[in-house]
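This report refers to the structure that appears directly beneath it.
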Amino acid sequence: MLIEKTVGNISFSADEDGAELHSLRVDGEEFLWQCGSAWRRYAPVLFPFICSPASGKYRAGGREYAMPGNHGFARDRKFTLVGETDTSLAFELNSDDETRQWYPYDFRLTVIYEVRDGVLRVINVVQNTGGETLYFYLGGHPAFIADIEGGRDIVEYEKPETIIQDKDGERVILDNENVLRLNRALFDHDVIMKDAPESGFVTLKRANGRFVRLSYPDSKCIAVWTAEKNAQAQFICLEPWTSVPVYADDAHEDIERKPHAIPLDPGQEYNYMYTIEAGCMA
């Protein structure tokens, strides 16, 4: 069920399917990618993995498991609407017999969308409802409308960053710089990822005067991605992640030893938030 909220000049909608954000409009203008053949998502929730192990498998408690798809399973599960106010929506997913086939832990994942002070806050809360420590990765994957051809639209980091891709040989993306000029070839080696960024936010600045600023105070990794080989993919994903993805920890098959997996003790909760501000540049 898709539910829409309007708060002043901001409207947003989200669905119980995957607790996924489907729309973000400011002054009536849409800023979120509206799905489509180039990528059939809007803004999936990544849990309990970011990406996948290279082998597709991992171990927990001495047993072997495999997720049903990339980025874990939350994005493809039915959540329950558990809270609604004039300015917010809250969705909840609980572990069950099916999730335990892929991930042996008991958990509650709550995803909250709330407009406050002119920005959309996206709050994820993981609760350990079981009797043992659980381990997870968590992130966002919102896609925003952008022109990926010609280098007129840019992604600007708050501060200078150095980003080096090491897939198929090292490639320098940024060398103490802060601007990515968007073009299809920029993503020939897939996602552009910055571990431990200096920046606390990134801004999509469009040639048509529109902007989207994504702030990520709780993230240790920020990723930028589009569907690089599809000319119909006129969007850019600004992805706040708790850490580098799970495949970066492939040296350790056991999730308990993966250095970037977040441990959460029984009865404890983990809060993770990012914000989205959109509009017209002055």
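Read the figures in this text as sums done on the coordinates, not as results from a lab. Predicted model, so just to flag it, every value in this text is computed and none were measured. Using ideal geometry, Cβ is built from the backbone for each residue, glycine included, and neighbour counts are taken over all protein chains shown.
Which of the GluC sites (Glu not before Pro) found in segment 52-128 are loop residues per DSSP with 13 or fewer other Cβ atoms within 10 Å of their Cβ?
Details: sites: 64, 84, 92, 98, 114; in loops: 98.
Of the GluC sites (Glu not before Pro), the ones in loops of segment 52-128 whose Cβ has at most 13 other Cβ atoms within 10 Å are 98.
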Testing the spin-label approximation: label points 7 Å from Cα along Cα→Cβ at residue 253 and residue 86. State their distance in nm. 5.7 nm
Each residue of segment 106-122 in order: what ³J(HN,Hα) in whole Hz does its phi give by Karplus 6.51 cos²θ - 1.76 cosθ + 1.60, θ = phi - 60°, with x for Gly and Pro? 8, 8, 10, 10, 10, 10, 10, 10, 8, 8, 8, 6, x, 10, 8, 9, 10
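Where the only charges are on Cβ atoms (+1 Lys, Arg; -1 Asp, Glu), what is the dipole of segment 148-236 about its Cα centre, to the nearest 20 debye? Could the numbers behind the result be given before it?
Working: 13 positive and 16 negative charges, 99 e Å.
In total the dipole reaches around 480 debye.
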FRET efficiency, 1/(1 + (r/R0)^6) with R0 30 Å, evaluated for residue 29 and residue 98 via beta carbons: 0.15
Once the dipole of segment 226-270 is set up with Lys and Arg at +1 and Asp and Glu at -1 on Cβ about the Cα centre, which of 255, 245, 233 lies farthest towards its positive end? 233
In terms of the charge dipole of the chain, which places +1 on Lys and Arg and -1 on Asp and Glu at the beta carbon, the residue among 124, 186, 94 farthest towards the positive end is 186
Tell me whether segment 148-236 comes out rounded, prolate or oblate; compute the Cα gyration tensor, take square roots of the eigenvalues as a ≥ b ≥ c, and use a/c under 1.5 as the rounded threshold. oblate
Using 7 Å Cα-to-Cβ label points, what is the residue 76/residue 281 separation (nm, one decimal)? 3.9 nm
For peptides 5-11, 137-143, sequence by mean Cβ density within 10 Å, most packed first: 137-143, 5-11
Give a quick list of trypsin sites (Lys or Arg not before Pro) in segment 159-267 that DSSP marks as loop, anything other than H, G, I, E or B, with at most 12 other Cβ atoms within 10 Å. 167, 229
How much length is gained if the chain between residue 54 and residue 181 is pulled fully straight, taking 0.36 nm per residue apart and subtracting their Cα-Cα distance, in nm to one decimal? 42.7 nm
Answer rounded, prolate or oblate for the chain, using the Cα gyration tensor with square roots of eigenvalues a ≥ b ≥ c: rounded when a/c is under 1.5, else prolate when a/b is larger than b/c, else oblate. oblate
For segment 8-68, calculate the relative contact order in percent as a whole number, restricting contacts to Cα pairs under 8 Å that are 6 or more residues apart. 21 percent
Along Cα→Cβ, 7 Å out, is where each label goes; now give me the distance between the ones at residue 158 and residue 207 in nm to one decimal. 2.9 nm
So which trypsin sites (Lys or Arg not before Pro) in segment 57-145 are both in a DSSP loop and have at most 13 other Cβ atoms within 10 Å of their Cβ? 57
So for segment 104-169, using the alpha carbon gyration tensor with a ≥ b ≥ c as root eigenvalues (a/c under 1.5 gives rounded; past that, a/b versus b/c decides prolate or oblate), I'd call it oblate
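Placing unit charges on C-beta atoms (Lys and Arg positive, Asp and Glu negative, everything else neutral), compute the dipole magnitude of segment 67-113 about its Cα centre in debye, rounded to 20. Present the calculation step by step, with values, prior to reporting the outcome.
Details: 5 positive and 8 negative charges, 34 e Å.
It works out to roughly 160 debye.
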Least to most buried among 179, 126, 119 (fewest other Cβ within 10 Å first): 179, 119, 126
Taking the dipole about the Cα centre of the chain, with the C-beta of Lys and Arg at +1 and of Asp and Glu at -1, give me whichever of 56, 83, 201 is farthest to the positive side. 201
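In debye, nearest 20, what is the charge dipole magnitude of the chain about its Cα centre with +1 on Lys and Arg Cβ and -1 on Asp and Glu Cβ, if you could check?
That gives the chain a dipole magnitude of about 400 debye.
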